[in-house]
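Step one of this worksheet: look at the structure below.
The values are calculated or read from the model by the stated rules, or taken from the named source; none is laboratory data. Being a predicted model, the structure only gives us computed values, none of them experimental. In this analysis, Cβ positions are derived from the backbone assuming ideal geometry, glycine residues included, and neighbour counts consider all displayed protein chains.
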Amino acid sequence: MRLVVFGAAGRTGRLIVDQALGHGQEVTAFTHSTPLVLEHPRLRVVTGDVLDFDAVCAAVEGQHAVASALGTGSSGKGGVLSEGVGNIVHAMAEHEVRKLAAVSAAGTFARGDSNLSLGFRAMIAVGLRSVYDDLERMEQRIMASDLDWTIVRPYGLSDAERTGRYRMTRDGSLLPKASRISRGDVAAVVLAALDTAEYERRVLTIAE
């Protein structure tokens, strides 16, 4: 499979790239400005802005699948997630690439759910309100497409090793007594979603 990973230089994106290469896939790593310190004969690194449709379109051309691990960015531009994914969805339609897996976050469209800790609900309401606004717009753009999409909503991300042990819901509902999951496990779920029809048009919430 030929896979392009957007947000490839981020802490989750790098693990998606690494695991995909380990599975024998050909990977295009799309990064904004942070260099990707990784060399591999099946890896191509592309530097560009996800808000630049032409750059996104060129990266998507010829791919079999797309993974998005975009962050909110540090450029000061609003809507990086929703506008960036909007460009990805448009480019995929133009090049007839159907498989998309995108990383979102637990609590999207459920900010006040009691399965989120009181502290996390407060953090969303105050410090992360604009991020969650953008995540919700991003998910709406994905869900409105006719792609074979999967949205992955992890709880708090840790840099612990991949465990292969996690809980999951497939309808976006939150998990009880959940607080974190390793980025390595998130990367594994993203790649599994691209490798099977089992998770198509599903919202996966995952946690330890």
Strands (runs of 3 or more DSSP E) enclosed by region 72-158 - at least 1 residues per element that are modelled with pLDDT of 95 or more and in contact with a Phe, Trp or Tyr (Cβ under 7 Å, 6 or more places away or on another chain) = 99-103, 148-154
What are the residues in region 43-71 that are at pLDDT 95 or above and within 18 Å of residue 128 (Cα to Cα), if any?
-> 69, 70
If we scan region 170-187, do we find a residue that is over 17 Å from the mean Cα position of the chain (by Cα) and closer than 18 Å to residue 25 by Cβ?
-> no
Can you pull out the residues in region 176-193 that are surrounded by fewer than 19 Cβ atoms within 10 Å (Cβ to Cβ) and in contact with a Ser or Thr (Cβ under 7 Å, 6 or more places away or on another chain)?
-> 179, 180
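What residue, of 67, 55, 59, is in contact (Cβ under 8 Å) with a residue 60 or more places away in the chain and either within 22 Å of residue 82 (Cβ to Cβ) or in contact with a helix residue (DSSP H, G or I) (Cβ under 9 Å, 6 or more places away or on another chain) (or both)?
Details: 55 fails: in contact (Cβ under 8 Å) with a residue 60 or more places away in the chain; 59 fails: in contact (Cβ under 8 Å) with a residue 60 or more places away in the chain.
Only one candidate qualifies: 67.
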Based on what the data block shows, is residue 33 more than 18 Å from residue 134 (Cα to Cα) and either at pLDDT below 95 or over 18 Å from the mean Cα position of the chain (by Cα) (or both)?
-> yes
Just one of the numbered conditions (1) touching a residue at least 12 places away in the same chain (Cβ under 8 Å); (2) not in a helix (DSSP H, G or I) is not true of residue 12; which one?
-> (2)
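Only one residue in 125, 160 is of a type in the set (A, V, I, L, M), surrounded by fewer than 19 Cβ atoms within 10 Å (Cβ to Cβ) and either within 16 Å of the chain's Cα centre (by Cα) or within 19 Å of residue 17 (Cα to Cα) (or both), so which one is that?
Only one candidate qualifies: 160.
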(1) of a type in the set (Gly, Ala, Ser); (2) within 17 Å of residue 12 (Cβ to Cβ); (3) in a loop (DSSP other than H, G, I, E, B): which one isn't true of residue 67, the others all being true?
-> (3)
Given (1) in a helix (DSSP H, G or I); (2) within 29 Å of residue 175 (Cβ to Cβ), residue 56 misses just (2)
Look through region 128-151, keep the residues that are under 20 Å from residue 87 (Cβ atoms) and of a type in the set (Lys, Arg), and return whichever of them is surrounded by the fewest Cβ atoms within 10 Å (Cβ to Cβ).
-> 137
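So which of 7, 84 ends up being within 13 Å of the chain's Cα centre (by Cα) and at positive phi?
Working: 84 fails: at positive phi.
That would be 7, the only listed residue that is within 13 Å of the chain's Cα centre (by Cα) and at positive phi.
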